[in-house]
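Q: I'd like to ask you about the structure that follows.
The values are calculated or read from the model by the stated rules, or taken from the named source; none is laboratory data. These numbers were taken from a predicted model, which means no experiment stands behind them. Reconstructed Cβ throughout: ideal geometry from the backbone, glycine too, with neighbour counts over all protein chains shown.
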Number of protein chains: 2
Amino acid sequence: MKVFEVVGQTRSFTRAAERLNLTQSAVSRQVRNLEDALGEDLLIRRHHHLELTPAGAELLATIQEAFHSIEVSLRSITEKSNQNRLRINVPPTFAKRWLLPRLARLREALPDVDISLSTEATDTLAERGLLDCAIRFGDGEWPMLDASILMTERHVVVCAPSLLEGAKVEGPSDLQRFTFLHVLASPDRRYLTWRHWLDAAGFQDVDTRGGLEFDLLDLAIEAACAGLGVTVADRSMVRNQLQSGQLVQLFDVAVEGHESYWFVTRPQSAGNRKVDAFRAWLLAEAAADRAE
Amino acid sequence: MKVFEVVGQTRSFTRAAERLNLTQSAVSRQVRNLEDALGEDLLIRRHHHLELTPAGAELLATIQEAFHSIEVSLRSITEKSNQNRLRINVPPTFAKRWLLPRLARLREALPDVDISLSTEATDTLAERGLLDCAIRFGDGEWPMLDASILMTERHVVVCAPSLLEGAKVEGPSDLQRFTFLHVLASPDRRYLTWRHWLDAAGFQDVDTRGGLEFDLLDLAIEAACAGLGVTVADRSMVRNQLQSGQLVQLFDVAVEGHESYWFVTRPQSAGNRKVDAFRAWLLAEAAADRAE
DNA sequence: AGCAAGCATTCCTTTTTGGAATGCTCTCAC
DNA sequence: GTGAGAGCATTCCAAAAAGGAATGCTTGCT
């Protein structure tokens, strides 16, 4: 069929064969097969040139249009989508608190890369379809995927300055007066960030059973800003709020978390220009972040 | 590609395979090959159902439209053109004087056959392209073609009644007074119909060198009707004019010509419904014509 | 927990497609 | 009008693509 299209354009089996990187013999038979299948001639073989029959002319026009639209679609898939668009899933809190504030800079650094950002809690990167890469929170061990560490969490305790009412907070008992804000790993299970932080700080006997629970760290931080209580959060996630005074840090204890944020890609993406560029940018930003 | 279209519709390799009369294995690989070629996934394999990626959805839509238009075009070629239309070349004079007056009856007899009538002096039937069949004048010997005889020429001499001015025309000398109308076989060669007729009539010493020449018998007949001279013509070609009195026949001599009109087809058309029907009708009409 | 549905994969067969060489016919030029 | 060349057809064989059967693997459902 493709063969007939080229023959129709070149009006010659020989030239069509050249253009298609085939022999004239192959072209001749392809067209003949098509004609036989249709039970209708498409070309009139004259010596030194070919003419289209009415049926051939009609079919040629249709085929050209159809192939063209398919070609455009194919190109838009292989080129546009593949070469310019980077589809990435980022955990919601990381997206909002870390990536979004840096998106403008990303656009400057990689002006020719279009970003598609989704914030599913669990991404579908392994299913090799909708995503080019992802940022994940975890231990960096994901089968069949490549991961580069971006940053390890450094947990600090924060709350709204209004909550303090000028009082000093210096020990476990002071802390116990506040409402604890927790983040859920699943509907019935909390992340153990409070536990880890308290252990690291050397605070025993603090009862964290009460308090508010949120499914997203982001909501817990928002709650803290609103003066609802104290929460443990990664320092990078609340840097802006600390700088603007929306939040204050309690205690000078920063606990290295057990898990980290990773940039995750599929092995097939190795060497992919835009993925590599994005990774480089992310790592540079993360390094700058740590240096602050 | 066709495979992907069906998979996109059925959302299942297994069902697509059934519809395509293939195995699930073949379908699976076809799609995988397409994806590999594009470097882009088109489907998300879930268990118990498939989902389209954005790229897949876009491609599916394009492909469906493109294939549909090609299919329509293909169908119009194989069905409409092939099944309903009969393309036929008929020598000009035969077309005008014999076939055209019978076209209305042909439409009645074969209402579902559309006729495409061309009147090239030399048809292209052997080149298998534009024609389904032809009517030819000759000896019935054409390589690679099948021929059925329709009618043998019966030459009579005719002229306009006004030309006679009431005079009797009974011998060669009477004939010599008229202008002879000739038909050319090629620019410099006449058909020998006058010669044959004169020989058969037993008229010696008639000088036919002068007179008017025409490239078509039809023009010669028209000239005769206009009173320009006498011509030899096949009786079937002038039957209407004789009946209406536009022409009259001179002498009661009808000469069987050396050549005949034949219905000619390609061997590949053997068994073709519309060709067979047309042949049957032609032969019946020719028989009826002879009976008159 | 076990079964069934459904896609992936492997190995082998079948079908299709392609290439090289050759033949045939027409056109063009001398 | 004759020879050369251009261009399509055809034949035979090789290569490659597609297909089939069987099997494995994962997951959703009962």
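Q: Looking at this structure, is A:Thr124 β-branched (Val, Ile, Thr), closer than 27 Å to B:Ile44 by Cβ and crowded, with 19+ Cβ neighbours inside 10 Å?
A: No.
Q: Moving on to the next point. Being farther than 18 Å from B:Glu5 by Cβ, β-branched (Val, Ile, Thr) and surrounded by fewer than 20 Cβ atoms within 10 Å (Cβ to Cβ) narrows it down to one residue among B:Thr78, B:Thr93; which is it?
A: B:Thr78
Q: So which pairs qualify, if the first residue must be in the range A:199-216 and in the same structural domain as A:Ser173 (by TED's automatic domain parsing), the second must be buried (at least 16 other Cβ atoms within 10 Å of the Cβ) and part of a loop (DSSP other than H, G, I, E, B), the Cβ gap must be under 8 Å, and the two must be at least 6 apart or on different chains?
A: Qualifying pairs under 8 Å: A:Gly210/A:Thr179; A:Gly211/A:Thr179; A:Gly211/A:Gly229; A:Leu212/A:Thr179; A:Leu212/A:Leu228; A:Leu212/A:Gly229.
Q: Taking the range A:17-47 as the region of interest, how many residues are in a helix (DSSP H, G or I) and near DNA strand C (Cβ under 9 Å from one of its atoms)?
A: Number satisfying all stated conditions: 10.
Q: Mind counting the residues in the range A:6-31 that are out of contact with any helix residue (DSSP H, G or I) (no Cβ under 6 Å at 6 or more places or on another chain) and under 16 Å from A:His47 (Cβ atoms)?
A: 3
Q: Go through the range B:183-278 and tell me which strands (runs of 3 or more DSSP E), entirely inside it, have 3 or more residues that are under 26 Å from B:Asp132 (Cα atoms).
A: B:248-265
Q: When both residues are 6+ apart or on different chains and their Cβ atoms are under 9 Å apart, which pairs have a first residue that lies in the range B:16-42 and is within 13 Å of chain A (Cβ to nearest Cβ), and a second that is within 11 Å of DNA strand D (Cβ to nearest atom) and outside any helix (DSSP H, G or I)?
A: These pairs meet every condition: B:Leu34/B:Met1.
Q: Determine whether the range A:89-96 contains at least one residue that is basic (Lys, Arg), touching a residue at least 12 places away in the same chain (Cβ under 8 Å) and either away from DNA strand C (no atom under 11 Å from the Cβ) or more than 14 Å from chain B (Cβ to nearest Cβ) (or both).
A: yes
Q: Does B:Glu222 fit the bill of being in contact with a Lys or Arg (Cβ under 8 Å, 6 or more places away or on another chain) and either surrounded by fewer than 17 Cβ atoms within 10 Å (Cβ to Cβ) or of a type outside the set (A, V, I, L, M, F, W, C) (or both)?
A: Criteria not met by B:Glu222.
Q: So, one more: Taking the range B:147-176, which residues are surrounded by 18 or more Cβ atoms within 10 Å (Cβ to Cβ) and in a strand (DSSP E or B)?
A: Passing the criteria: B:Ala147, B:Leu150, B:Met151, B:Glu153, B:His155, B:Val156, B:Val157, B:Val158, B:Cys159.
Results for (1) near DNA strand D (Cβ under 9 Å from one of its atoms); (2) surrounded by 15 or more Cβ atoms within 10 Å (Cβ to Cβ); (3) closer than 24 Å to A:Ala66 by Cα, shown as yes or no for each residue.
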site	(1), (2), (3)
B:Phe4	no, yes, yes
B:Gln9	no, no, yes
B:Thr14	no, no, no
B:Ala17	yes, yes, no
B:Thr23	yes, no, no
B:Val27	yes, yes, yes
B:Arg32	no, no, yes
B:Glu35	no, yes, yes
B:Glu40	no, yes, yes
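Q: So, one more: If a residue has to be buried (at least 18 other Cβ atoms within 10 Å of the Cβ) and farther than 23 Å from A:Ala121 by Cβ to count, how many in the range A:230-245 make the cut?
A: Of the residues in the range A:230-245, 1 are buried (at least 18 other Cβ atoms within 10 Å of the Cβ) and farther than 23 Å from A:Ala121 by Cβ.
Q: Here is a further query. Looking only at the range A:2-16, how many residues end up being aliphatic (A, V, I, L, M) and near DNA strand C (Cβ under 10 Å from one of its atoms)?
A: Residues that pass the stated criteria total 1.
Q: Which condition number in (1) surrounded by fewer than 19 Cβ atoms within 10 Å (Cβ to Cβ); (2) under 30 Å from B:Ala286 (Cα atoms); (3) away from every other protein chain (no Cβ under 14 Å) is the one that B:His48 fails?
A: B:His48 satisfies all of (1) surrounded by fewer than 19 Cβ atoms within 10 Å (Cβ to Cβ); (2) under 30 Å from B:Ala286 (Cα atoms); (3) away from every other protein chain (no Cβ under 14 Å) except (2).
Q: Inspect all residues belonging to the range B:68-88 and state whether any of them is under 43 Å from the mean Cα position of the chain (by Cα), away from DNA strand D (no atom under 16 Å from the Cβ) and away from every other protein chain (no Cβ under 13 Å).
A: Within the range B:68-88, one or more residues are under 43 Å from the mean Cα position of the chain (by Cα), away from DNA strand D (no atom under 16 Å from the Cβ) and away from every other protein chain (no Cβ under 13 Å).
Q: Any idea which of A:Ile88, A:Ile77, A:Ile63, A:Ile70 is of a type in the set (Val, Ile, Thr) and not in a helix (DSSP H, G or I)?
A: Going through A:Ile88, A:Ile77, A:Ile63, A:Ile70 in turn, the sole match is A:Ile88.
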